[in-house]
1. Taking H placed 1.01 Å from N in the peptide plane, check which residues at least 5 places from L120 or on another chain put their amide H under 5 Å from its amide H.
2. Going by a ≥ b ≥ c, the root eigenvalues of the Cα gyration tensor, does segment 77-172 fall in the rounded group (a/c under 1.5), the prolate group (a/b larger than b/c) or the oblate group?
3. Using only the alpha-carbon atoms of the chain, report the extent along each of the three principal axes, biggest first, to the nearest angstrom.
4. With every protein chain left in place, what is the accessible area per residue of the chain in square angstrom, probe 1.4 Å?
5. Could you go through segment 200-216 in sequence order and give the Karplus-derived ³J(HN,Hα) for each residue, using 6.51 cos²θ - 1.76 cosθ + 1.60 with θ = phi - 60°, rounded to whole Hz, and x for Gly and Pro?
6. What does the charge dipole of the chain about its Cα centre add up to, to the nearest 20 debye, if the Cβ of each Lys and Arg holds +1 and the Cβ of each Asp and Glu holds -1?
7. Could you check which residue among V240, V40, V288 shows the biggest mean-square fluctuation in a GNM of the chain with a 10 Å Cα cutoff?
8. Roughly speaking, to the nearest percent, how much of the chain's 1.4 Å accessible area is carbon and sulfur?
Amino acid sequence: MAILVTGGTGYIGSHTVVELQQAGYDVVIIDNLSNSRIEVLDGITRITGKRPHFEQLDCCDKAALQEVFARYPDIEGIIHFAAFKAVGESVEKPLPYYRNNLVSLINLLELMPEYGVRGLIFSSSCTVYGQPTAEHLPVTEASPIQPALSPYGNTKQINEDIIRYYIGSGAPVKSVILRYFNPIGAHPSAEIGELPIGVPQNLIPYVTQTAAGIRKELRIFGNDYSTPDRTCIRDYIYVVDLAKAHVKAMDRVLHTPEAEPIEVFNIGTGHGVSTLEVVETFERATGVKLPWSYAPRREGDIEQIWGNVDKAAKVLGWRAEANLDDVLRSAWHWQQRLQEQES
Ligand code: UFG
C-alpha cells in the first residue's frame with residue numbers, strides 16, 4: 001500500500017515520510033521544490049534505508065497529478081502538506097496564496113474518487129482559532145473558529161470547509177484534519193530538519209542561526225503582553241512527534257471503519273511555553289549563550305495559545321513525548337550539521 005505525500009521534501013513532510021516508511025508504508029512524494037531541496041531525499045534514504053518515489057510537480061497542475069495517480073495505482077491515502085506557509089508574505093501577496101493553497105486541494109479531492117484513493121490527512125493549523133479568549137485556553141477542537149488574521153490562515157479555514165462540504169456531499173473519501181501548533185526541532189539523526197530560505201521568520205531557526213553567529217542578535221517581539229513573563233506563549237511540538245501523529249491518522253482513516261468520515265485533532269503538547277522560556281531553555285540545553293534583546297511587538301502576533309490534546313490521545317492513541325531540552329538540542333545539532341555541509 002502506498003501513501004502519496006505532497007510537499008514531502010518540506011520540513012514536516014520529510015519527517016513524516018521517514019515515519020511512514022518506518023511504519024511499513026511505501027511512499028510517493030510530490031513536491032515542486034519551491035521551498036525545499038532535492039537532497040532531502042538523500043537524508044530520508046540514509047535514515048530509513050529506502051528511497052521514496054519522487055515526482056517533481058506542482059499540485060496545481062491537475063494533468064500532471066493525474067499521471068502520478070495513474071503511474072502508482074496502489075496509492076490509498078494522501079497526506080497533503082504542499083502549501084505556501086509564510087504568514088507575512090501572504091498579507092503582501094494574497095492571490096498566489098489563495099490560488100496555490102486552494103487549487104491544490106481541489107485537484108486532489110477531484111481525483112481521489114477517480115483513482116479509488118480513500119483517505120486524506122490535511123495539514124491545518126491552530127491559527128484557525130485566532131486569539132482564543134481566556135475561557136477557551138487551552139483550545140479544544142470545539143473552540144470557536146475566528147476570523148483569520150492573514151490570507152494564509154484564511155486558506156487553512158477555507159480548506160477545512162472545502163473538505164467538510166465535499167465529504168458532506170457524500171464523496172467516497174474520509175479525512176483527518178490535523179491542527180498543528182508550532183512545530184520545532186529536527187530528526188535526531190540530524191539528516192533532515194528545517195531549511196529556512198533567507199532570513200528566518202520563525203523563532204527556532206532564528207535562535208539557532210543567532211547561536212551560530214549568522215545573526216547578530218535575537219529580538220524577542222514584545223515584553224508587554226498579559227502573560228506571566230510578559231512574552232508570547234505558544235505550544236511547541238516536536239516535529240518527529242508531529243510526524244508520528246500523521247501515521248496514526250493515516251491508520252485511522254484507512255483501517256478504522258467506525259471512524260467518522262471527517263475528524264479534527266489538535267496536535268500539540270498541551271503546554272504553553274513563553275518566548276523567554278524558549279531562549280532560557282535553549283541556553284541551558286545546549287550550553288550556548290544567545291545574544292538577545294526585547295523589541296516591539298510583531299504585527300499580527302497572537303498573545304498566547306496552547307492546545308488541549310486529549311482528543312488525539314483518546315481517539316488516535318497519540319501523545320507528544322519529547323521534552324523541550326531534547327527538542328532544542330536537536331534543532332541546534334541540525335544547525336551545526338547545516339554549517340558543516342556549507343563549509
Ligand atoms: N518570535 C520572536 N522573535 C523572532 C521570531 C519569533 O520573538 O525572531 C516570537 C513570535 O513573536 C511568537 C513566537 O516567537 O511569539 C513564535 O513565532 P513563530 O514565527 O515561530 O511562530 P508563529 O506562532 O507566529 O506562527 C507559527 C507558524 C504559522 C502558524 C502559526 C500557528 O509560522 O504558520 O504558528 O499559530 F500558522
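1. Amide H to amide H, under 5 Å and 5 or more residues apart or across chains, L120 pairs with I78, K174, S175, V176.
2. Details: a/c = 2.49, a/b = 1.37, b/c = 1.82.
Oblate shape, in that a/c is at least 1.5 and b/c is the bigger or equal ratio.
3. Cα extents, longest axis first: 55, 49, 39 Å.
4. Details: 14840 Å² over 343 residues.
That works out to 43 Å² per residue.
5. x, 9, 8, 4, 5, x, 5, 4, 5, 5, 5, 4, 7, x, 6, 10, 5
6. Values: 31 positive and 42 negative charges, 47 e Å.
Taking the Cα centre of the chain as origin, the dipole is about 220 debye.
7. Judging by the Gaussian network model, the answer is V288.
8. Values: 7540 of 14840 Å².
It is 51 percent, rounded to a whole number.
The values are calculated or read from the model by the stated rules, or taken from the named source; none is laboratory data. Computed from a prediction, not measured in an experiment: that's the story for all the values here. Please note: Cβ atoms are built from the backbone with ideal geometry, for glycine as well, and neighbour counts cover all protein chains shown. Note: areas computed on protein heavy atoms with side chains; ligands, DNA, RNA excluded. Shrake-Rupley method; radii C 1.70, N 1.55, O 1.52, S 1.80 Å.
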